[in-house]
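Contents: one structure, followed by commentary.
The values are calculated or read from the model by the stated rules, or taken from the named source; none is laboratory data. Being a predicted model, the structure only gives us computed values, none of them experimental. Cβ: placed from backbone, ideal geometry, glycine included. Neighbour counts: every protein chain shown. Only protein heavy atoms, including side chains, enter the accessible area calculation; ligands, DNA and RNA are left aside. Shrake-Rupley method; radii C 1.70, N 1.55, O 1.52, S 1.80 Å.
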Amino acid sequence: QVQLVESGGGLVQAGGSLRLSCAASGSIISINYMGWYRQGPGKQRELVAHITSGGSTNYGDSVKGRFTIFRENAKNTVYLQMNSLIPEDTAVYYCHARTPRYDYWGQGTQVTVSS
């Protein structure tokens, strides 16, 4: 079992920045990669970014160049630094962890970008 606890969402003006955090606990040694997905109003859930246990990263096209994912292994925590936010980034952001057998999800954190 893996537990994921997110923090860092909130309300920000367009052009601003936010940092999300996701702390993992439990069977963390089994995690292949962690990352973030988001679901905006009336939209399907989409990949934002993920990072492998080896440090390789992958980003959704809509956030490339604006968002950065990185990890702090000593704290079992993955961060999403979001810069140059636009109203289209408004969504519930979900932390995700993949193991060989299961996918785990956090409870979600709301990010709202005002124009």
Inset, instruction - Only one of these is of a type in the set (Ser, Thr, Tyr) and within 14 Å of Ala97 (Cα to Cα): Ser56, Ser27. Name it. - result: Ser27
Legend entry - Residue, farthest from Gly35 (Cα to Cα), within segment 93-115, restricted to residues that are open to solvent by less than 40 Å² (accessible area, probe 1.4 Å) and β-branched (Val, Ile, Thr): Val113
Legend entry - Hits in segment 5-18 - residues which are farther than 14 Å from Ala91 by Cβ, surrounded by 13 or more Cβ atoms within 10 Å (Cβ to Cβ) and not small (Gly, Ala, Ser): Val5
Legend entry - Residue check for Thr77: farther than 17 Å from Thr112 by Cα and either open to solvent by less than 70 Å² (accessible area, probe 1.4 Å) or charged (D, E, K, R) (or both): yes
Inset, instruction - Check Val2 against each of (1) in contact (Cβ under 8 Å) with a residue 12 or more places away in the chain; (2) surrounded by fewer than 17 Cβ atoms within 10 Å (Cβ to Cβ) and name the one condition it does not meet. - result: (2)
Legend entry - Pairs where the first residue, in segment 24-51, is in contact (Cβ under 8 Å) with a residue 12 or more places away in the chain and hydroxyl-bearing (Ser, Thr, Tyr) and the second is open to solvent by less than 50 Å² (accessible area, probe 1.4 Å) and not in a strand (DSSP E or B), C-beta under 6 Å, 6+ apart: Ser30/Thr99
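Residues are listed down the side, and each one gets a yes or a no for (1) of a type outside the set (Phe, Trp, Tyr); (2) open to solvent by 70 Å² or more (accessible area, probe 1.4 Å); (3) at pLDDT 95 or above:
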residue	(1), (2), (3)
Tyr33	no, no, no
Lys64	yes, yes, yes
Ile69	yes, no, yes
Gln81	yes, no, yes
Inset, instruction - For segment 35-59, name all the residues that are among the basic types (Lys, Arg) and either under 16 Å from Gln107 (Cα atoms) or open to solvent by less than 40 Å² (accessible area, probe 1.4 Å) (or both). - result: Arg38, Arg45
